[in-house]
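The values are calculated or read from the model by the stated rules, or taken from the named source; none is laboratory data. Everything numeric in this text was worked out from a predicted model, so none of it was measured. Don't worry about glycine lacking a Cβ; one is built from the backbone with ideal geometry, like all the others, and counts go over all protein chains shown.
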Amino acid sequence: MNRIVVESATKRFGSGVLTVFEGLGLAVRDKETLCILGPSGCGKTTLLRCMHGLAHLDGGRIVIDDLEVRAPRRNVAMVFQHFGLMPWKRVSENVAYGVELAGLPRTTIDERVGRYTEMVGLTGFERSYPYQLSGGMQQRAGLARALALEPDILLMDEPFGSLDAQTREILQDELLRIYQQQPRTMVFITHSIEEAIALGDRIVVLTARPARVRDTILVDIPRPRTVASVVAHPRFVELRDHCWRLLRERLVA
């Protein structure tokens, strides 16, 4: 079953002068992780914002659970590249923010904050402010805030892009572990081919602006996974080279 369907989506900026994607179509299945790769400036983040209802299309439509997206909804959560934490709130308060806005009972809020803070490995840091955390810990807090909403659909905008290589791999493994515990529909934007292969069930490769779907690739590496097990799998090099050829051909054309 498809949870998200993008139909002939077009987005323009600057009174129509700049078209970032045009006639774009794709679908995301239930409990699937779909990773999206593409050149810089092809509208990957904009597409994700349109999926969440934070931006609006100039043509086409996006449908989630058979309803056209017109505004954010409670069963969809987004994790941003730059953490999005409120510096004046402690970790527990940041994690609680979304569920408080949803108007859930205090006992439910406290239970979820405790559960998801522990799940992302931040137990003991509940009373810390964001400035007291490393970049990786801040991103864990942002992930916990999204998970605390218990969304059916998780949208992730290059959440590990600004982290060092070691922290990035640790959080990739954490996300794989969390996905194994609680499978959900996920769209993951990345510039890293290796990350897309490690996390994704399928990979959509976009063309340069105005973006369209260049190819959709099945990642036929079984779960459960770790980053190390994916890199060691016989299919990894072939998948990486195929993605790289698609991206490179468009760049040099």
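Data overview
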item: Of residues in region 6-22 being exposed (fewer than 15 other Cβ atoms within 10 Å of the Cβ) and in a strand (DSSP E or B), the one nearest to the chain's Cα centre (by Cα); result: Ser8
item: Count of residues meeting criterion [in contact (Cβ under 8 Å) with a residue 40 or more places away in the chain, of a type in the set (Ser, Thr, Tyr) and in a helix (DSSP H, G or I)] in region 94-133; result: 2
item: Residue list for region 3-19, restricted to those being modelled with pLDDT under 95 and touching a helix residue (DSSP H, G or I) at 6+ places or on another chain (Cβ under 9 Å); result: Phe13
item: Identity of the residue in region 229-241, surrounded by fewer than 17 Cβ atoms within 10 Å (Cβ to Cβ) and in contact (Cβ under 8 Å) with a residue 24 or more places away in the chain, that ends up nearest to Val6 (Cα to Cα); result: Arg240
item: Selected residue (only one of Gly60, Gly38 is among the small types (Gly, Ala, Ser) and at pLDDT 95 or above); result: Gly60
item: Selected residue (only one of Leu37, Leu57, Leu48 is within 16 Å of the chain's Cα centre (by Cα), over 23 Å from Arg240 (Cα atoms) and in the same structural domain as Met186 (by TED's automatic domain parsing)); result: Leu48
item: Residue identified as within 21 Å of Ser162 (Cβ to Cβ), assigned to a helix (DSSP H, G or I) and aliphatic (A, V, I, L, M) among Leu47, Leu54; result: Leu47
item: Region 4-43: number of residues that are in contact (Cβ under 8 Å) with a residue 12 or more places away in the chain and either touching a Pro at 6+ places or on another chain (Cβ under 7 Å) or of a type in the set (Gly, Ala, Ser) (or both); result: 15
item: Test for Arg115: is it of a type in the set (Lys, Arg) and either within 18 Å of Gln181 (Cα to Cα) or assigned by TED's automatic domain parsing to the domain that holds Thr185 (or both); result: yes
item: Subset of region 200-253 (residues that are under 25 Å from Ser8 (Cα atoms) and of a type in the set (S, T, N, Q)); result: Thr207, Thr216
item: Pairs, first within 30 Å of Gly59 (Cα to Cα) and among the basic types (Lys, Arg) in region 209-225, second part of a loop (DSSP other than H, G, I, E, B) and at pLDDT below 95, C-beta under 6 Å, six or more apart; result: Arg209/Gly41; Arg209/Cys42; Arg214/Thr207
item: One residue from Arg209, Arg184, Arg145 being within 22 Å of His242 (Cα to Cα) and either crowded, with 19+ Cβ neighbours inside 10 Å or in contact with a Leu (Cβ under 9 Å, 6 or more places away or on another chain) (or both); result: Arg209
item: Helices (runs of 4 or more DSSP H) wholly inside region 134-217 containing at least 3 residues that are of a type outside the set (Val, Ile, Thr), in contact with a helix residue (DSSP H, G or I) (Cβ under 6 Å, 6 or more places away or on another chain) and outside the structural domain of Val113 (by TED's automatic domain parsing); result: 165-181
item: Subset of region 59-93 (residues that are touching a residue at least 24 places away in the same chain (Cβ under 8 Å), in a loop (DSSP other than H, G, I, E, B) and among the aliphatic types (A, V, I, L, M)); result: Leu85, Met86
